[in-house]
Amino acid sequence: MIGPMRLFIALICFAGGLVLAGEKSSVGDNSLEVAQQNFQVENFAATHAALDRFEKTDRPTAESLDLRGCAYMEQGKFDEAAKAFEAAHNASPGVFTPRIHAGDLLLRQKKFSEARDIYETLLKEKNVLVSNERLRFGVLMTYLGEHNEQSAQNSLQRIGFPTQTPAYYYAQAAWGFAHGKDGEAKKWINAAGKIFDVNAIPWFAYPLYEFGWIKKKPPATLYQAI
């Protein structure tokens, strides 16, 4: 039978353990938030450092691995990014974001057919309008990158007006740039800037930057699954 003093000490230790566990969880959560904030201001060294702290406190998650992959992608470290996105997918196969980011990575590498395979597979699996608009835009960009005129035109027609995202506007802009109508393309971009939140723009703008159609590099952005 445990004496009163031993019981008291045991309860104190148990309570202390709960507090410590809570503090560790809080530190981990805060580190992930700090990593996201550093990513948004493009301080990728600080992003990785915060993710290291998070993953020491808690095990790596699909969210932390995906964020690390995005940081590597922005740094141009494509092999590391691919491994991080694959690890994120393996950690939680049902999570959408690592897979679309893997497609984005292939698009940046101009591996158009492989990127399109990912986008089209996700289109078959994902029945959410906002996500599908984005995926259809990605497919369009792969065909434009390949100079596949007929398939690009068919893809453009699949992005109907209106859209809940800048997809329609940037699709029209991409088509304009691809066909030497730079003035018209810039009008579509300006129109999108007046309609949509500034944070909705960069994902659509980045492929145009990669193709050399716009000169200013869009800010780093994270795709938020809907």
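Largest GNM mean-square fluctuation across HIS101, HIS179, HIS48, computed for the chain with C-alpha springs under 10 Å, falls on HIS179. Principal-axis analysis of the Cα atoms of the chain puts helix 97-108 at an angle of about 40° to the longest axis. For the residues ALA46, ALA35, ALA174, a GNM of the chain with alpha-carbon springs under 10 Å puts the largest fluctuation on ALA46.
Counting beta carbons within 10 Å around each of THR121, THR57 and listing the fewest first gives the order THR121, THR57. Across the chain, C-alpha contacts under 8 Å between residues 6 or more apart give a mean separation that, scaled by the residue count, equals a relative contact order of 13 percent. Think of the chain as a dipole: +1 on every Lys or Arg Cβ, -1 on every Asp or Glu Cβ, centred on the Cα centre; then among ALA81, ALA205, THR221, ALA205 lies furthest on the positive end. Rounded to the nearest 10 degrees, the angle from helix 44-57 to the longest Cα principal axis of the chain is 40 degrees.
For the stretch 95-186, a/c is not less than 1.5, where a ≥ b ≥ c are the root eigenvalues of the C-alpha gyration tensor, and a/b does not top b/c. That puts it in the oblate class. Considering the chain as a Gaussian network with a 10 Å cut-off on Cα pairs, which listed residue, PHE85, PHE161, PHE96, attains the greatest mean-square fluctuation? In the Gaussian network model the winner is PHE161. The orientation-averaged projected area of the convex hull spanned by the Cα atoms of the chain comes to 15.7 nm². Give the cross-link partners of LYS194 among the lysines, using a straight C-alpha distance below 28 Å as the criterion and excluding same-chain residues fewer than 8 apart. Partners within reach: LYS181, LYS186, LYS215, LYS216, LYS217. Distance from the Cα centroid of the stretch 75-133 to that of the stretch 166-226 is 20 Å (rounded to whole angstrom). Computed over the stretch 113-226, relative contact order equals 21 percent, with contacts defined as Cα pairs under 8 Å that lie 6+ residues apart.
Among ARG59, ARG116, ARG68, ARG108, the ranking by other beta carbons within 10 Å of each residue's beta carbon, starting with the fewest, stands as ARG59, ARG108, ARG116, ARG68. In the stretch 21-144, a dipole from Cβ-located charges (positive for Lys and Arg, negative for Asp and Glu) runs towards its positive end, and of ASN132, HIS48, PRO93 it is ASN132 whose Cα lies farthest in that direction. Amide H contacts under 5 Å for THR163: TYR168, restricted to partners 5 or more places along the chain or on a different chain, H placed in the peptide plane at 1.01 Å from N.
Straight-line cross-link partners of LYS56 among the lysines, defined as a Cα under 29 Å from its Cα and at least 8 positions apart when in the same chain: LYS24, LYS77, LYS83.
Only the coordinates and a few stated rules stand behind these numbers; no lab work does. Every value quoted in this text rests on a predicted model; they were computed, and no experiment measured them. Cβ atoms come from the backbone with ideal geometry, glycine included; neighbour counts cover every protein chain shown.
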